[in-house]
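The values are calculated or read from the model by the stated rules, or taken from the named source; none is laboratory data. Computed from a prediction, not measured in an experiment: that's the story for all the values here. Quick reminder, even Gly has a Cβ in these numbers, built from the backbone with ideal geometry, and neighbours come from all protein chains shown. Accessible surface is based on the protein model in full, side chains and every heavy atom, while ligands, DNA and RNA are left aside. Shrake-Rupley method; radii C 1.70, N 1.55, O 1.52, S 1.80 Å.
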Amino acid sequence: MSAQRGTWITLEGGDGSGKTTQADLLESWLTDAGHVVLRTREPGGSDVGRLIRDIVLHHRGDIAPRAEALLYAADRAHHVATVVRPALERGEVVLQDRYLDSSVAYQGAGRVLDATEIRDLSLWAAEGALPDLTVLLDLDPETARARLDSADKPFDRLEAEKGEFHRRVREAFLALAAAEPDRFLVIDAAGDHDVIATGIRRRVADLLAGDR
Ligand code: TMP
């Protein structure tokens, strides 16, 4: 986003890849360095978004693939317009759990919709907004599944999808990262938390130095 003053960082990866842990560590590091950080997420980073999150994650029946893609895009449109852009205009660091790459990876993995149309829908919703940096925490779905099982999380429609679906999600994220190497930082999420955090900080420090 060119006319902004702040910095926009998104975290992506499969369920159980450790995004929340890394976002917590990065937020502390940025705050200690004097930055104002806005932590947010999709779906559910706004008042309207919290209602949409409840539908997409907790509705127990099927949702038609196009309807699901539109719900994520509606969440995104409202979130970018009312939360992300204002924070960037105030000069803050926006640290966001998931963005349009999740739509391409997850809604694309259902095999009904094609990646380009999902991405175009999201770009329309967000008026073309793309993050300065996207950190992809890459992890094989079996390891991620074991982490989620041990965390005893409540029922979630998407986490309950089959292994094959999550393998397609992972491949889609890696393909997105390969297509936009300047925007993405791909990290092996199987490693030690502190090692991962250090790798992320290094890249974020470069980004913030370049912005000044
Ligand atoms: P979370 O628990 O990491 O917030 O993720 C919510 C779920 O929503 C996760 O399984 C991925 C899914 N999702 C999509 O399918 N499409 C999207 O556009 C987004 C943002 C999330």
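Look at (1) over 16 Å from the mean Cα position of the chain (by Cα); (2) of a type in the set (Val, Ile, Thr); (3) within 25 Å of Leu133 (Cβ to Cβ) and you find that Thr40 fails only one, number (1). Of the residues making up the range 183-211, just one is assigned to a loop (DSSP other than H, G, I, E, B) and open to solvent by 70 Å² or more (accessible area, probe 1.4 Å), namely Asp192. For the range 91-101, enumerate the residues that are at negative phi, more than 10 Å from the ligand (Cβ to nearest atom) and in contact with a Lys or Arg (Cβ under 8 Å, 6 or more places away or on another chain). Across the range 91-101, the qualifying residue is only Leu95. Exactly one residue out of Val135, Val104 is in contact (Cβ under 8 Å) with a residue 12 or more places away in the chain and away from the ligand (no atom under 12 Å from the Cβ), and it is Val135.
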